Amino acid sequence: MSDTALHTQIDADGILIMTIDVPGQSMNVITPELTQQLAAAVEQLETDEAIKGAVLTSGKKSGFMAGADLKGIGKLFEAGEDDGRSRMARLFDSVWSLNSLLRAMETCGKPVAAAVNGLALGGGLEFVLACHHRVVADDPKIKLGLPEVLVGLFPGAGGTQRLPRLMGVQPALMYLLQGKTMSPQEAVGLGVMQALAPLDDVVETARAWVLANPKGGIQPWDQKGFKFPGGVGQFNPGFVQTFIAGTAMTTKATQNNLNGPRAILSAVYEGAQLPMDTALRIESKYFTKVIADPQAGNMIRTLFVSKQAAEKGARRPHGVAKMLPKKIGMLGAGLMGSGIAMVAAQAGIEVVLLDTTQEAADKGKQYTADRLAKRRTDADKAEAILGLIHATTAYEDLKGCDLIIEAVFESREIKAEVTRKVEAVVGADTVFGSNTSTLPITGLAEAWSKPANFIGIHFFSPVEKMPLVEIIVGKQTGPEAIAKALDFVAAIRKTPIVVNDSRGFYTSRCFGTYVSEGLTLLAEGTNPALIENVGKQMGMPVGPLAVTDEVGLDLSLKVGKQTKADLGDAYVASPADAVIEKMNELGRHGRKNGKGFYVYPDDGGKKQLWPELVATVAGQLAEDQPLAEEVEERLVYRQLVEAARCFAEGVVETPQDGDLGAIFGWGFIPHSGGPFSHMDTVGIANVVAILDRLADTHGDRFTPPQLLRDMAERHETFYGQAELKQAA
Ligand code: NAD
């Protein structure tokens, strides 16, 4: 394979056409080869007098460029060999080299126009911004933006400096901090792009501009008298207010846990008040800091690399023919069944939606109709989606389904009954998936005569919004069922993880520990506001009490009773049980009846913690309140130790599954990259020491599994082990 990533050609008018076409990639990404070849082309452009200017475009139909190759970002920015300077100084050089290359292009003295034939994101858009004139294909579906912040980074190739100089600080911050994309039309309106052209004419339009503007090779910000749109500076009230409000809003949204947004604010604030050359160095300084912190690597690995790999079938067994599901059977048209029916129909899959009464089945179908109407879906499209859902009570209608999923009541007896009825119609060769949230799959599989074809397909509520599906492999589940379940998840464009059977599987089991530690703290007389605020400040989406109110305290009681009954003597009682029982005795079921740990005003006003909560469940506030750090440590480490136990027991087989399931399933601190990334970053020996201390003070629920001690002894990490396994 050729290693030419940038094809160059000088046309008859002396214009250098630079076409990015990175070999071996379906979409252009920044690679070391590309930057080297661009550097050579920029030098040629500057020094060859026969060249009048240049056009930068892409040779890929998939778009212009998607930015840095996140899988190889470690290679793109490397500290280089020890030359006596600090690692940070050497890393800065590497970060600066890309920034300075684009700066060299924009200051070479000759006009460079970008011909943007499709998507330009992240570093891709930063290449474009460094051109003097930007022509983009006139297609509203094209996405342009700087979404780096969403994976723990921020734009480090001039984006934080050029975007504000083009559109003004306030709108630029919105795009930079939220990672929002814009269409070509919006980009022209905002001054980010200068011209729209039909797709086939973008290069010619860009070329024509270069020919017509021989003196166009100077950016507005390098011209005398340049005025920042909207103004800048410490004495500009708009500028000052933007940063006061921007800092407050960012703090609220991120609790100051994320390095990227803070770096963006600082780089824009400082850089906007300086000449471009210094401003770019400021950006590189902050970028170096962000990339040197483990947070960026952890976030990129889980939120991008592992997520993509899971969606592309990383856990799919080999040798099973791919299934393109055309028709599925959905048993139970309640909350979950109707949500699953909706996402399947939206993916073009026919759904037989079955319930005990026609009324219930129709109500399930209505769920999709209501949501499509709320989203103002185009009438023809909505009709086509609804036309795929067949609401029925007749098992006969299930004939010909590629896959069956059940989401009937959480009762072993009812589930067994429907399972047998389905088998009588479709036969045991069909794959049957259960959406149970608590009942072990191996037991439920007994109702299907070929348990190899029985599997858990665990969705999260609300199905249409939650991205994760937890695939649960029972003791006898075979590869075909796993492959088909994963094919279905791929068809509905969700992210799968694959785990082995266990009570609560992986996600519910670990999520339960966050809630129960919060309730235990409450039972000890800890101020509930402290518990809730720490939960949110450490990066969980909601506090443990608020989330219990959302789930429903009656449901928590039911699950608790079922677990106790199933486990018998093995059940480990927790002070959280008494809290749940007491609240239920008082008829406080959570948000659903307007009273739980919080009070929900009838007029839809803001919820407040129930003023009598402490008196009711703990008697009074404890005299010695724990420090916020202590509350945080308990809430985090209780989840970490459970995740480690799941790994030790083989419930979770890979750290990637564990991290993805944690972040997308129960909202575990996203900036950590997930519990396994978090433990690796802290160091397993440190994790063990902290857990031992917590177990001494608070009990065995914190005792680390032997696996962690062994790993600590061998200086291992979860991801290090996974890499070794992969290599073997
Ligand atoms: P639900 O009560 O809203 O719906 C259950 C539906 O099943 C009802 O419409 C009911 O009429 C129907 N049903 C009952 N018996 C039936 C039978 N014999 N044949 C056909 N239909 C029958 O419950 P839900 O919240 O949708 O939960 C369904 C399943 O999904 C449960 O196993 C639950 O544990 C699991 N689950 C729920 C959630 C959640 O957040 N609600 C999340 C994950 C998994």
| query | What dipole magnitude, in Debye to the nearest 20, does the chain give about its Cα centre under +1 on Lys/Arg Cβ and -1 on Asp/Glu Cβ? | reply | 1020 debye
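Translational diffusion coefficient of segment 626-728 at 4 °C, 1.567 mPa s, Stokes-Einstein with Kirkwood Rh over Cα pairs, in µm²/s as a whole number. Mind dumping the intermediate values first?
Values: Rh = 13.8 Å.
Answer from the Stokes-Einstein relation: 94 µm²/s.
Whole number in Å², please: accessible area per residue of the chain, 1.4 Å probe, ligands, DNA and RNA not counted.
Numbers: 31600 Å² over 728 residues.
Using a 1.4 Å probe on heavy atoms only, each residue of the chain averages 43 Å².
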| task | Could you tell me how many degrees, from 0 to 90 and to the nearest 10, lie between the Cα long axis of helix 202-212 and the main elongation axis, the longest principal axis, of the Cα atoms of the chain? | result | 30 degrees
| Residue-by-residue Karplus 3J(HN,Hα) for segment 295-302, coefficients 6.51, -1.76, 1.60, Hz, glycine and proline x | 3, 4, x, 5, 5, 4, 4, 7
| said: Could you check the spin-label model distance between ALA12 and LYS725? Points 7 Å from the Cα along Cα→Cβ, value in nm. | reply: 6.2 nm
| In segment 6-292, what percentage of the DSSP-assigned beta bridges are antiparallel, given to the nearest 5? | 25 percent
| Euclidean distance of C-alpha centroids, segment 504-521 and segment 694-728, integer Å | 20 Å
| query | Using alpha-carbon positions, what is the distance between the centroids of segment 13-37 and segment 186-201, in Å? | reply | 22 Å
| task | Compute log10 of I(q)/I(0) for segment 521-627 with the Debye formula, placing one identical point scatterer on every Cα and leaving out solvent, at q = 0.12, 0.19, 0.22 Å⁻¹, to two decimals. | result | -0.43, -1.02, -1.27
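Test of understanding: express the Cα radius of gyration of segment 327-502 as a ratio to 2.2 N^0.38 Å, with N the residue count.
Details: Rg = 15.0 Å, N = 176, 2.2 N^0.38 = 15.7 Å.
Cα Rg divided by the expected 2.2 N^0.38 Å: 0.95.
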| said: From the phi angles alone, apply the Karplus equation (6.51, -1.76, 1.60; θ = phi - 60°) to segment 427-441 and give each ³J(HN,Hα) in whole Hz, x where the residue is Gly or Pro. | reply: x, 7, 6, 6, 7, 10, x, 10, 9, 3, 9, 9, 7, x, 5
| query | So how far apart, in nm, are the two label points at VAL542 and GLN223 if each is 7 Å from Cα heading toward Cβ? | reply | 5.3 nm
| query | Which order, highest average first, do 459-469, 677-687, 72-82 follow once you tally other Cβ atoms within 10 Å for each residue and take the mean per peptide? | reply | 677-687, 459-469, 72-82
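Can you tell me, using C-alpha contacts under 8 Å and at least 6 residues apart, the relative contact order of segment 481-622 as a whole percent?
Once normalised by length, the contact order is 24 percent.
Which percent of the accessible heavy-atom area of the chain goes to carbon and sulfur, probe 1.4 angstrom?
Working: 16840 of 31600 Å².
That share works out to 53 percent.
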| task | Over all alpha-carbon pairs of the chain, lay out the pair-distance distribution in 10 Å bins, whole %, shortest bin first. | result | 3, 13, 20, 22, 20, 14, 6, 2, 0
| Given ALA347, VAL408, THR616, which one lies farthest toward the positive end of the charge dipole of the chain, if we put +1 on the Cβ of every Lys and Arg and -1 on the Cβ of every Asp and Glu? | ALA347
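Starting from the Cα-Cα distance between LYS465 and ARG412, subtract it from 0.36 nm times their residue separation and give me the gain in nm to one decimal. If you can, show how the numbers build up before the last one.
Working: separation 53, 0.36 × 53 = 19.08 nm, distance 2.77 nm.
Additional length available on full extension: 16.3 nm.
Rounded to the nearest 0.05, what FRET efficiency is calculated for ILE244 and ALA424 with R0 set to 56 Å and r the Cβ-Cβ distance?
On the way: r = 68 Å, r/R0 = 1.21.
Calculated transfer efficiency: 0.25.
Could you size up the charge dipole of segment 74-197 around its Cα centre, putting +1 on the beta carbon of Lys and Arg and -1 on that of Asp and Glu, and report it in debye to the nearest 20? Mind showing how you got there, number by number?
Working: 12 positive and 11 negative charges, 41 e Å.
Approximately 200 debye in magnitude.
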| remark: With the dipole of the chain defined by +1 on each Lys or Arg Cβ and -1 on each Asp or Glu Cβ, the option from ILE389, PHE702, VAL515 whose Cα lies farthest towards the positive pole is ILE389
| task | Calculate one ³J(HN,Hα) per residue across segment 214-227 by plugging θ = phi - 60° into the Karplus curve 6.51 cos²θ - 1.76 cosθ + 1.60, and present them in order as whole Hz with x for glycine and proline. | result | x, 9, x, x, 9, 6, x, 6, 9, 9, 4, x, 4, 10
| query | What spacing in nm lies between the two simple spin-label points modelled at ALA648 and THR393, each 7 Å away from Cα in the Cβ direction? | reply | 5.2 nm
| query | Sorted by packing (mean other beta-carbon atoms within 10 Å per residue), highest first, where do 175-184, 217-226, 308-317, 158-167 land? | reply | 158-167, 175-184, 308-317, 217-226
| request: Work through the residues other than VAL343 whose Cβ is under 14 Å from its Cβ and net out their charges, Lys, Arg +1 and Asp, Glu -1. | output: +4
| note | FRET efficiency (GLU78, PHE235; Cβ distance; R0 30 Å; to 0.05) is 0.10
| query | Over segment 6-292, one equal point on each Cα, no solvent: what is log10 I(q)/I(0) by the Debye formula at q = 0.14, 0.15 Å⁻¹? | reply | -1.00, -1.15
| task | Report the calculated FRET efficiency for ARG693 and GLU581 (r = Cβ-Cβ distance, R0 = 41 Å), to the nearest 0.05. | result | 0.85
| said: Give the separation of the Cα centroids, segment 154-174 to segment 288-306, in Å. | reply: 22 Å
| Antiparallel DSSP beta bridges within segment 327-502, as percent of all bridges there, nearest 5 | 10 percent
| query | By how many degrees, 0 to 90 and rounded to 10, does the Cα axis of helix 276-292 deviate from the longest principal axis of the chain? | reply | 30 degrees
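Pull up the DSSP beta bridges for the chain and report the antiparallel fraction as a percent, rounded to 5. Please list the in-between numbers first.
Details: 15 of 61 bridges.
DSSP beta bridges in the chain are roughly 25 percent antiparallel.
The values are calculated or read from the model by the stated rules, or taken from the named source; none is laboratory data. These numbers were taken from a predicted model, which means no experiment stands behind them. Using ideal geometry, Cβ is built from the backbone for each residue, glycine included, and neighbour counts are taken over all protein chains shown. The area values use the complete protein model at the heavy-atom level, side chains included, leaving out ligands, DNA and RNA. Shrake-Rupley method; radii C 1.70, N 1.55, O 1.52, S 1.80 Å.
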